[in-house]
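Participant: Provided herewith is a single structure, encoded as structure tokens, for subsequent inquiry.
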Amino acid sequence: MSSADPRHTRGRLCGQVLLLLVWLSTPSMLFAQPAHAVQENSKAAAPPSTAATQLLDITTRTGIHFDHMSTPDARYIVESMSGGLALIDYDRDGYPDIYFTNAASVEMGLAGKKAKGALYHNNHDGTFTDVTDKAGVGYPCWAMGASVGDYNNDGRPDLLVTCFGGVVLYRNNGDGTFTDVTKQAGLSGDNRWATGASFGDYDGDGWPDLFVAHYVDFHLNDLPTFGSKKTCQYHDVPVQCGPRGLKGTSDNLYHNRGDGTFEDVSKQAGVDDPHGFFGLTAVWAHLGGDGPPNLFVANDGEPNFLYVNDGHGHFSDVAYPSGVAVNQDGTEQANMGVALGDYMHAGRFSIAISHFSEEYATLYRNDGAMNFTDVSYPSGIARSTTPYVGWGDAFLDLNNSGWVDFILVNGHVYPQVGASGTGTVYREPKLVYANQHDGTFRDVSKMSGPAVEIPQVSRGLALGDLFNDGRLEIVIENLEGGPMILRAEADAQNHWISFELHGAKGNLLALNARVKVTAGDLAQEDEVRSGGSYLSQSDLRLHFGLGNRPRADKVEVTWSSGVKEALSNLATDRFYVVQEGKGVVSTHAATASSAFAH
């Protein structure tokens, strides 16, 4: 979140001059893909459909009734930053369940009160049942976000909740209940404001490790003053203070010992952030080809981190030389939500990051060899994101065309912003961008259905095929009021394929394993990831649209161990469970859900 100070305009004039010079000197470079990318896409490129995919609000039909606690005036930054969620198939029945985090207000916190989160079980019929009390996950903490990982390698996904006050690790007991094992696991020493967390096996020993980003050094017994003209202003309107003007805190990397406990290796690994940047979303990902996963951390109002993993327990931050630390004019932005996707079929994951209003969502195109280019404006994403404060975001194939689109949700941080006279409002619409198959996107927000334009104060976003029918749902947690579940009305003539990966001897959830699907002239790739978006967790299954292609000719799995495995001639419109070393161990067709049948 951007702060209420002059950093909104810092460097902007210089940046605009620099951008103009670049335009005048090399216009073709700004608006063209690299030659190799054009060649890679030339066969698969086809004129995109002129009709936008409709996103239907199905929240009421699911039976979900959950309200995130909200503070009408949100006078303190800690009241504005929560709202992450997780899709977690906790009972391993093949249907994603949903966990919503909740957060207290400062008034509640001072009184020792907590806000109740909610776990909803998927009933397989288009509806969900609240099982929070039975599961024992209702009151973890002053919750910010959530991520999923199997920390003890028992094959069951465990739930980690980040908090204003550390983290809570829930062990999945396999009987529909969870146990808080934070202390036993060695994670109770963190009492700071934890935000984005991600599990990943950085050293290849088969045990998922854990990275936790931290935000602001904020204390209830030392609250910033609100309402005085001598304090924080946004366009002359008194608003909450921070993060600028407040002190940041360092980050933590916890190495999994393999015995149910973690050890803090942050400093020796080189990822502790001694400067105390304002860390938000973090995610492990392969951003530079094969080898161990790298770590990306979005820092609010500070340069991002891109840590290259040497495979021996040490990392080097290459964000500046790689081009992802700041935007194209050298300006630090309010980096919040992180989306990763191969939107150009280049075999590389690019990075999209949501930002504050009067900035723009940034798209860093991955050009290979750890080199990225800010293509936010030429790609068509930047301009329409400028008025809004963006949070959760994702690349997803809305119509199963074989080309990933882009979505992000918005909502301001200042309830008082309407008094600024700038036209900016607190509740904001969502934004949807259709992939044009040429490295650009088209803003189709106003053509994607009325639900997209409903103004809300949104935060977390997660993706998953909730009903196993080959269509993705978008689950959104709002800071104010109930969540929204959007169903993509994919083209019924387009095919798809889905994969659930199981590791063999370790990393049983197959975190950071990659799948490349080749169907005729179309090749696309994705990765199993913990965390991402804005403090949220999507379904661990990988979904690929295939357009009119009836079969997947070849499927290549690169396991986290480095082992590669190939499958061939797979039927589409099916779900596949693939186990390392054994290939396909089960498969089933799409479920015909009566709740959403046409």
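The values are calculated or read from the model by the stated rules, or taken from the named source; none is laboratory data. Since we're looking at a predicted model, the values are computed, not measured. FYI the Cβ positions are ideal-geometry reconstructions off the backbone, even for glycines, and counts take in every protein chain you see. Just the protein is used for accessible areas: all its heavy atoms, side chains included, with ligands, DNA and RNA removed. Shrake-Rupley method; radii C 1.70, N 1.55, O 1.52, S 1.80 Å.
Participant: Round to a whole number: what % of the accessible area of the stretch 191-237 belongs to carbon and sulfur, probe 1.4 Å?
Facilitator: C and S fraction of accessible area: 44 percent.
Participant: Cross-link candidates for residue 267: which lysines have Cα within less than 20 Å, leaving aside residues fewer than 8 places away along the same chain?
Facilitator: Output for residue 267: 247.
Participant: Please report, as a whole percent, how much of the solvent-accessible surface of the stretch 415-571 comes from carbon and sulfur atoms (probe radius 1.4 Å).
Facilitator: 50 percent
Participant: OK, next. Averaging the inverse of every distinct alpha carbon separation and then flipping it gives the Kirkwood radius. What is it for the stretch 233-336, in angstrom units?
Facilitator: The Cα-based Kirkwood calculation yields 15.2 Å.
Participant: In terms of the Cα gyration tensor, with a ≥ b ≥ c the square roots of its eigenvalues, is the stretch 480-590 rounded because a/c is under 1.5, prolate because a/b exceeds b/c, or oblate?
Facilitator: Taking the square roots of the gyration eigenvalues as a ≥ b ≥ c, the stretch 480-590 is oblate.
Participant: Out of the chymotrypsin sites (Phe, Trp or Tyr not before Pro) in the stretch 100-200, which ones are loop residues according to DSSP with at most 16 other C-beta atoms within 10 Å?
Facilitator: Qualifying residues, ordered by number: none.
Participant: Sticking with this structure for a sec: Give the separation of the Cα centroids, the stretch 54-88 to the stretch 267-312, in Å.
Facilitator: So the two Cα centres are separated by 28 Å.
Participant: Quick one: pull the percent of accessible area on the stretch 258-341 belonging to carbon and sulfur, 1.4 Å probe, ligands and nucleic acids left out.
Facilitator: 50 percent
Participant: Would the stretch 338-422 count as rounded, prolate or oblate if I go by the C-alpha gyration tensor, calling it rounded below 1.5 in a/c and otherwise prolate when a/b exceeds b/c, oblate otherwise?
Facilitator: Prolate is the answer for the stretch 338-422, as a/c is 1.5 or above and a/b outweighs b/c.
Participant: What accessible area, in Å² to the nearest ten, does a 1.4 Å probe give for residue 353?
Facilitator: Here the residue's solvent-accessible area equals roughly 0 Å².
Participant: Same structure again: Would you please classify the overall shape of the chain from the alpha carbon gyration tensor, given that a ≥ b ≥ c denote the square roots of the eigenvalues, rounded means a/c under 1.5, and beyond that prolate means a/b larger than b/c while oblate covers the rest?
Facilitator: It comes out rounded by the Cα gyration axes.
Participant: So which aspartates and glutamates can residue 582 reach, going by Cα to Cα under 15 Å and dropping same-chain residues fewer than 8 places off?
Facilitator: Partners found: 500, 556, 565.
Participant: Under 17 Å Cα to Cα from residue 113, which aspartates and glutamates show up? Leave out anything in the same chain fewer than 8 places away.
Facilitator: 67, 79
Participant: Can you list the residues of the stretch 292-327 with backbone N under 15 Å from a point 7 Å past the Cα of residue 268, pointing along Cα to Cβ?
Facilitator: Flagged as within label range: 311-315.
Participant: Provide the net charge surrounding residue 393, with neighbours chosen by a C-beta distance below 12 Å and charges set as Lys +1, Arg +1, Asp -1, Glu -1.
Facilitator: Residues near residue 393 contribute +1 overall.
Participant: While we're looking at this one, here's another question. Are any of the pairs 505/564; 446/516; 134/505 more than 21 Å apart by Cα-Cα distance, and if so, which?
Facilitator: 446/516; 134/505
Participant: May I pose another question? Work out the length of the dipole vector of the stretch 439-566 about its Cα centre, built from +1 on the beta-carbon of each Lys and Arg and -1 on the beta-carbon of each Asp and Glu, and round it to the nearest 20 debye.
Facilitator: Computed about the Cα centre, the dipole is about 300 debye.
Participant: Calculate, for the chain, the solvent-accessible area per residue in square angstrom, rolling a 1.4 angstrom probe over the heavy atoms of the protein chains.
Facilitator: 35 Å²
Participant: Label point 7 Å out from residue 130 along Cα-to-Cβ: which residues of the stretch 94-118 have amide N under 17 Å?
Facilitator: Inside the label zone: 98-104, 114-118.
Participant: Right, another one. Using 0.36 nm per residue, how much length does the chain from residue 173 to residue 564 gain when fully extended, once their Cα-Cα distance is taken away?
Facilitator: Extending this stretch completely gives an extra 137.6 nm.
Participant: Let me ask another. Given the rule -39500 (n - 2.57) for each run of at least 4 DSSP H residues, summed and divided by the residues of the chain, what is its mean residue ellipticity at 222 nm, to the nearest 500 deg cm²/dmol?
Facilitator: Rounded to the nearest 500, the figure is -2000 deg cm²/dmol.
Participant: A further question on this structure: In percent, how large is the relative contact order of the chain, given Cα pairs closer than 8 Å and 6 or more residues apart?
Facilitator: Relative contact order of the chain: 16 percent.
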